[in-house]
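Q: Have a look at this one before I ask anything.
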Amino acid sequence: MRVTVRSCLLAALAAAVLSAAWPGALAAQVSSDLADALVRETYEAIREDALRPPDVLTLLHETVLTAQQALAAAGVTEPPPLPAFIGQEDRDLTAAAAYVQAAATAAPRDSDRIVATVLRAMIRAVADPLGAVFMPLEFTRYHRELRGEHTGIGVQIDVVRGQIAFSDVTVGGPAARVGISPGDVLLEADGRPVADSTPDQVMDRLHGAVGTTVALVVRRAAGGIVQLSLVREPVRENPTRWKMVEPHLGYLRLLEFSEETSSDVSRSVGGLLEAGATALLLDLRENGGGLLDEAVAVASGFLSDGIVAMEERRGSLNALSVIPQAHRFSGPVVVLVNNFTASASEVVAGALQDTGATLVGERTFGKATVQTIYPLRGGWGLRLTTARYYTRRGRQIDGQGLRPDLSVPMDEELIQSPRDVQLREATAVLRAQLAAGTGRRP
């Protein structure tokens, strides 16, 4: 069964998953029945949905050849001979699955690694560099990422009047349980002052391994300084930061496209409109992507009608239409981008640029493929490239990225720091558009 989740993840994440050795903690022996099911389910997904149609015989040959090689690597000196395929798909698939079953049975201690290696070889047979296979624990962790969960304390922070302040606190998270509230100011993390750090740098310090402790010194908005010790756990974090930077000019930073991101953005836009924003800086720098459906919904909050992008699946081209949102921002928008603005972020940036918004910063990453997430038997998971997208006006950006209208190179470590020249230039552009009454999009 396919999960109705379409993701646009940065290539670096997929490469890390594919190249990493499976940790021993993730290992679990695979029964022969499970091996059979995993091969069949992966084959079906590739056969039906892979963007690059497979050659069936090549796919099955790679399956059994890899199983034989994995057996040899596991120390089996005389692996079974490869089956002969007869050109009848059902019988050939049964023979291939049976061979992997036999391999799992012949080397039970290495059965998980053998099956993982086989499934990954099946993905390589359709030249899918962003495809991935997940063992059960890894698949659980991956789903946490898609839900926007991070191992931390459940906060979002921003620069408020020159100080690092909590801008959002997750209900029920570690920070909320000790009484941290939006507006409280963070003074120290693990004995080190945060005053000279950017919000991104501070968030990196607040994240860590499950069960580890972070010590904080916090000045309450209501008065008083407290020392707190919090234990990190997986918890969803609001991926938005928003504020007014001057009268009528708002700022919205979006860090990722996880589940419910569009709702977070809609609430942020509502807050900005209530605060009097008539022009907006939308900051997508260092946003490596996430869920395509969330990207379509986020872009819809800035478009009145039409389409956000076009999606191609095995020769069919489908429109990803604008979705009605609770709050829509219709004023001028300047979008901040850099080299790590990728995939789902490029869907949004491309749609806005196609409708007249100004892009400021550096050329984006250039990833325009879409991956579908499949749950497999036994808690395993599969990620497979199933589509590619084009911008609202039909631009193909895969491998090319989006070119900013105003190029402003800058070290990403300076984002939201006093030396953020990209933000400064973008603000100047937006201020001029607001004064001239230009920059409005359909």
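The values are calculated or read from the model by the stated rules, or taken from the named source; none is laboratory data. Here the structure is a predicted model, which means the values were calculated and not measured. Cβ: placed from backbone, ideal geometry, glycine included. Neighbour counts: every protein chain shown.
Q: Test each condition in (1) over 29 Å from the mean Cα position of the chain (by Cα); (2) at pLDDT 95 or above; (3) within 21 Å of HIS143 (Cβ to Cβ) for ALA45 and report the one that comes out false.
A: Failing condition for ALA45: (1).
Q: Moving to a separate point now. What is the number of the single condition among (1) of a type outside the set (Ser, Thr, Tyr); (2) over 17 Å from LEU130 (Cα atoms); (3) surrounded by fewer than 24 Cβ atoms within 10 Å (Cβ to Cβ) that GLY399 does not meet?
A: (2)
Q: I'm trying to understand the selection: among the residues of segment 222-232, which are more than 15 Å from PRO174 (Cβ to Cβ), modelled with pLDDT of 95 or more and among the aliphatic types (A, V, I, L, M)?
A: Within segment 222-232, ILE225 is the sole residue that qualifies.
Q: Give GLY208, GLY148 a once-over and let me know the one that is within 28 Å of VAL245 (Cα to Cα) and among the small types (Gly, Ala, Ser).
A: GLY148
Q: Within segment 336-369, work out how many residues are closer than 18 Å to TYR251 by Cα and within 19 Å of the chain's Cα centre (by Cα).
A: Total meeting the criteria: 7.
Q: Something else: Quick check on my filter: what residues within segment 146-171 are in contact (Cβ under 8 Å) with a residue 24 or more places away in the chain and surrounded by fewer than 17 Cβ atoms within 10 Å (Cβ to Cβ)?
A: Scanning segment 146-171 gives ARG147, VAL160, GLN163.
Q: Checking GLU237 against (1) more than 22 Å from the chain's Cα centre (by Cα); (2) more than 30 Å from ASP354 (Cα to Cα); (3) surrounded by 23 or more Cβ atoms within 10 Å (Cβ to Cβ), only one condition comes out false. Which one?
A: Evaluating GLU237 over (1) more than 22 Å from the chain's Cα centre (by Cα); (2) more than 30 Å from ASP354 (Cα to Cα); (3) surrounded by 23 or more Cβ atoms within 10 Å (Cβ to Cβ) leaves (1) as the failure.
Q: For segment 311-424, which fully contained strands (runs of 3 or more DSSP E) count at least 2 residues that are not assigned by TED's automatic domain parsing to the domain that holds ALA279?
A: So the answer is 369-375, 381-391.
Q: So which of ALA84, ALA72 is outside any helix (DSSP H, G or I), without any contact (Cβ under 8 Å) to a residue 24 or more places away in the chain and of a type in the set (A, V, I, L, M, F, W, C)?
A: The match here is ALA84.
Q: More than 15 Å from the chain's Cα centre (by Cα), at pLDDT 95 or above and either surrounded by fewer than 20 Cβ atoms within 10 Å (Cβ to Cβ) or of a type outside the set (Lys, Arg) (or both): is that true of THR372 in this structure? Before the answer, list the steps.
A: Numbers: more than 15 Å from the chain's Cα centre (by Cα): no; at pLDDT 95 or above: yes; either surrounded by fewer than 20 Cβ atoms within 10 Å (Cβ to Cβ) or of a type outside the set (Lys, Arg) (or both): yes.
When the stated conditions are applied, THR372 does not pass them.
Q: Which one of the conditions (1) at pLDDT 95 or above; (2) surrounded by 17 or more Cβ atoms within 10 Å (Cβ to Cβ); (3) in contact with a Gly (Cβ under 8 Å, 6 or more places away or on another chain) does VAL348 fail to meet, given that it meets all the rest?
A: Answer for VAL348: the failing condition is (3).
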